Amino acid sequence: MNESTQTEAAAGTPTSYGFCSWHNRFADDVRLIDVIEQGSGSGGVQYACGPCREEHRLVPFADRP
């Protein structure tokens, strides 16, 4: 049985898997939302999955003007 449980992305569409900072779990299609910079020491980053981006109206970092 060769049935896939995953949906296929359109050709040329990048996909990623990572930790969603909003619902605190790993998910598909995470995008960088915020870069936290600090003067000294390490900063951080926040990623969000598609459903969290929609629910919280988050704009990915790369899509901002």
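The values are calculated or read from the model by the stated rules, or taken from the named source; none is laboratory data. Given the structure is predicted, the values throughout are model-derived calculations rather than measurements. Note that each Cβ is placed from the backbone with ideal geometry, even for glycine, and that neighbours are counted across all protein chains shown. Protein only, heavy atoms only, side chains kept; ligands, DNA and RNA dropped before computing areas. Shrake-Rupley method; radii C 1.70, N 1.55, O 1.52, S 1.80 Å.
What the table shows:
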| quantity | calculated |
| --- | --- |
| Output for the range 11-50, where each listed residue is touching a residue at least 24 places away in the same chain (Cβ under 8 Å) and out of contact with any strand residue (DSSP E or B) (no Cβ under 7 Å at 6 or more places or on another chain) | His23 |
| Number of positions in the range 39-65 that are among the β-branched types (Val, Ile, Thr) and assigned to a loop (DSSP other than H, G, I, E, B) | 1 |
| Of all residues making up the range 14-38, the number that are outside any strand (DSSP E or B) and either open to solvent by less than 90 Å² (accessible area, probe 1.4 Å) or basic (Lys, Arg) (or both) | 6 |
